[in-house]
Each structure stands twice: as structure tokens, then as C-alpha cells.
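Quick notes on the structure that follows.
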Amino acid sequence: MPMRTSPRDTGGWRRAVCALALAASAVMLGAMPLAAHAEVAAADPIDASMRSCLARSDMSSTTGQVQCMDNARIGWKSALDNAWQQLQPKLPPARRKQWEKSQASWEASRDAEKQLLSAVFATTHGSMYILAEADMQLQPVRDRALALRAAVAQVSAGGDPPRRVRACKADAQCEHATFDLNRYYRRLQAKMPTRLRPTLVRAQKAWNGYLDAATPLIDERSRIDIIGARVATLKRLSETVGNS
């Protein structure tokens, strides 16, 4: 379920994707069991608590490290729910409907993504992949909570809604990002066992629905961030499936 794009690409975009993938892969290598995007809100109490948990000697086992990340995911889910409850009453009716569609689409995408992660990591062996799956379960929840917090802050400050974004084909960065997204989607699809490929198709269809629903609410840079995160996820999964 790839997105349409032209075959053009840029070195700058590729370097950005590589940086995301390297940060994520550090979790799998054991060099940085902390989440790949921790620097985004390093001072947040949820992140600080996870770092402390990961550093504890009695949580040094794979089970303990996973528990630390699961606790952080639960904490970020609570933060997400709180931000969502704060945002809704601050929105005018028409915009509230757009946000409700966006949130429902995000939840559908996360449900489909859980199935994809389960399918991919079921083909792997080794404790580092158990840690990697826990990290990949955590990060989207954290990212969405931060996005909702930012939306609450913007609305509370009386900020104007984002301008209508250009079509992706009219935005070179979006087009380049989408080209890489399609490339890693096809790579992952080719490497997945045939019986598991429908799980990937469903997950990508759900993610496309989320992007479509989110686009009217964000600016072009935020759209690139969402696509870039998806590129990094597909790249990471394509390098993970079948490993032992």
C-alpha cells in the first residue's frame, strides 16, 4: 500500500533517514536501551523515570528492561489521554471533528501496527529484538502524546491553525520522503514471509489513513516528520525481519 511519488531523491533527505535509523538501531545493539527519540523531551518526568529504571541493577535483565519501557509507554498513554481531554473543549466544532477523525485514525493505525510488529519480531530470535519491539511499541505513543500537548499549547495561546499544506507532489521534501517510504515498504514486503504480508498491507493502509486525517491539522514540516518517522520504522523492520 505504498504512496505515489516520483523517483527523485536528495542526499539531505537520505542523511536524515539514516540518522533516524541509526538512533533506532542503537536500542537493538544494546548501546542505548533508552528510547530512540529521548532527546526530544529529555526533561520530561516520564523519560527521566524510564532512564532511572533502565539504570537499576535489579532491572538489568531483558525482562526488567522491557518492563521499564512498558511502564514508560503506559505513562505516555496516560499523558496522551490527558492532552486529548484538554484539547477537545478548546476547539471550535468543525475543527473538533477534524481532530476526532485524526485521533480515531491514529488509534486504528496503532492497532494495525501492533499486529505488524508482532508478525515481524516473531521471525527473530534474541533478547535484543525483544528490547527493540518494546521500544517500537513505546515511541509512537510518546510521539502522539507530544503532538497533542503541542496542539493544546498552541490553542491555549490563541495561535492560528496551520496553513493548508501543498499537495505532496508540489512539495519536493514530501515527494522525496515518500519515495524512500515506498522503497522501504517494498523491501520489507519482499523480505516478509508470504503469509505475513497481508499484515503489512493492513498496517500501511491504516497509517496512510492516519496521515490523510492528520494533514489538514499540521504544517508541511510536521507532515515531513510523520513521514520520516514511518520511513525509519519501515527501514528498521526491513533490517530486522528474519534475523536471529
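In table form, for the structure just shown:
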quantity: Unique residue being in contact (Cβ under 8 Å) with a residue 40 or more places away in the chain, of a type outside the set (Lys, Arg) and under 30 Å from Pro92 (Cα atoms) when the list is Leu138, Leu146; calculated: Leu146
quantity: Odd one out for Asp81 among (1) surrounded by fewer than 18 Cβ atoms within 10 Å (Cβ to Cβ); (2) within 30 Å of Glu239 (Cβ to Cβ); (3) among the acidic types (Asp, Glu); calculated: (2)
quantity: Pair list, Cβ < 8 Å and 6+ apart or interchain, from segment 182-201 residues that are closer than 13 Å to Ala122 by Cβ to residues that are among the polar types (S, T, N, Q) and not in a helix (DSSP H, G or I); calculated: Met192/Thr123; Pro193/Thr123; Leu196/Thr123
quantity: Which numbered condition Ser102 misses (of (1) under 24 Å from Asn208 (Cβ atoms); (2) surrounded by fewer than 20 Cβ atoms within 10 Å (Cβ to Cβ); (3) of a type in the set (Ser, Thr, Tyr)); calculated: (2)
quantity: Pairs where the first residue, in segment 158-177, is in contact (Cβ under 8 Å) with a residue 60 or more places away in the chain and surrounded by fewer than 18 Cβ atoms within 10 Å (Cβ to Cβ) and the second is part of a loop (DSSP other than H, G, I, E, B) and of a type in the set (D, E, K, R), C-beta under 7 Å, 6+ apart; calculated: Pro162/Asp219
quantity: Residue check, Ala132 of a type in the set (Gly, Ala, Ser), within 13 Å of the chain's Cα centre (by Cα) and within 25 Å of Gln65 (Cα to Cα); calculated: no
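The numbers here are math on the coordinates, done by the rules we state, and not lab data. None of these values were measured; they are calculated from a predicted model. FYI the Cβ positions are ideal-geometry reconstructions off the backbone, even for glycines, and counts take in every protein chain you see.
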